[in-house]
There are 2 protein chains.
Amino acid sequence: MVTNLAQTDGDFSLNGLPNAGRMDVICRCVNSAFWLSDNLRNDTVFYIVMRGAPNPPITLKFVGEELKRMSPDERNIASHIKNLLSTKPGKIWQTDGMGLYAKKIDLDGLLGEIKGEIIYLDKNGKIEELKEDFVYVMGDNKGYSEKDIELLSKKGKKVSLGKTEYLSSQCITIINYKLDG
Amino acid sequence: MVTNLAQTDGDFSLNGLPNAGRMDVICRCVNSAFWLSDNLRNDTVFYIVMRGAPNPPITLKFVGEELKRMSPDERNIASHIKNLLSTKPGKIWQTDGMGLYAKKIDLDGLLGEIKGEIIYLDKNGKIEELKEDFVYVMGDNKGYSEKDIELLSKKGKKVSLGKTEYLSSQCITIINYKLDG
């Protein structure tokens, strides 16, 4: 997930997540990516490229099989993010030991690190069967930057979930549902 | 939606929604039921039958076309619920004037008030095409009570979203996605 808004340090209030560059959006996406009724999706890794003030870019990485002591509510997920961002992550992956990592890297560098074919969500893309083992890329509520689109159109395939435009967290749920089969 | 846990007065902290009988679950369901990327689902009405302490049952009703001054984050949705519950709703629908209503009524009474064929989610139900203009009923993270199942099996049809058990909020997203077509 790419967001041009999300605040890139830990200096935000857990009582005002929307004011931290829509940190609430990110937390709902994490919920959708990992939680099921009775367990977590251990096979999922979820990245969030964040470009808000004051220290962009920072990329968060949530690793399903390592997640610990995290609850599915926005406030709890945000508290983990806040704590890790407060350690001022640098150019190597830094972790909180509970499944969350952070690093100073942008989308182009990240896509160089991740293996797998790239599929990116775009309302003008084709509607087609989704498959496992792809890297799914999506924007936030403000969409991609022009530079993102240039990069993604070179590296990946554009797909759409239909004519309705869903929240990012809902897109994740729908993709998971389609992959669950 | 039916939840046997949710707290039925406004005496809870917005900083501890999971402790208010999983009020976070309800708020995520409201988010999933109404929000899209660029607007709200005006054609949706969402009921939550709540049976937690201290004043069960209370049913909340969110009316899409009347929703005002509500943000999609859990804390904001919870603040609307808390304010209305604090007015101690009685046996007629009481409203905050912003699209949220509450009344002292349980599932059996409610199903008598709502028109439309009833479909209820159950992991043992059939997987089939969902259709518009139905009343969809679902449990929370703890499922239905025995009395609910008895009532629902008399009045409605049991359907399943497949072998994966999703969060209630994810079930709502998936149903909406299937109905959007």
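Observations on the model:
- Cα point-scatterer Debye curve for the stretch B:80-158, base-10 log of I(q)/I(0) at q = 0.20, 0.23, 0.26 Å⁻¹: -1.01, -1.13, -1.22
- Taking all protein chains into account, the per residue accessible area for the stretch B:73-181 stands at 52 Å² (1.4 Å probe).
- For A:171-178, mean number of other protein chain Cβ atoms within 10 Å: 5
- Mean sequence separation of contacting Cα pairs (under 8 Å, at least six apart), scaled by the length of chain B, corresponds to a relative contact order of 25 percent.
- Chain A against chain B buries an accessible area of about 2700 Å², both chains summed, 1.4 Å probe radius.
- Dimensionless Rg ratio for chain B, taking C-alpha atoms and the 2.2 N^0.38 Å reference: 0.97
- Label points for residue B:115 are taken 7 Å from Cα along Cα→Cβ. From this copy to the others they lie 6.0 nm apart, shortest first.
- Filtered trypsin sites (Lys or Arg not before Pro), the stretch A:130-181: DSSP coil and at most 11 other beta carbons within 10 Å: A:131, A:163
- Per-residue mean of C-beta atoms belonging to partner chains within 10 Å, peptide A:160-168: 4
- Length available on full extension from residue A:68 to residue A:126: 0.36 nm per residue minus the Cα-Cα distance, which gives 17.2 nm.
- Taken about its Cα centre, the stretch A:1-171 carries a charge dipole of about 300 debye when Lys and Arg each add +1 at the Cβ and Asp and Glu each add -1 at the Cβ.
- Take each residue in B:32-43, count the other chain C-beta atoms within 10 Å of its C-beta, and the mean is 3.
- Our compactness index for the protein assembly as shown, the C-alpha radius of gyration over the empirical 2.2 N^0.38 Å, is 0.99.
The values are calculated or read from the model by the stated rules, or taken from the named source; none is laboratory data. Here the structure is a predicted model, which means the values were calculated and not measured. No Cβ is skipped: glycine too gets one built from the backbone with ideal geometry, and neighbour counts run over all protein chains shown. For accessibility, only protein heavy atoms count, side chains too; no ligands or nucleic acids. Shrake-Rupley method; radii C 1.70, N 1.55, O 1.52, S 1.80 Å.
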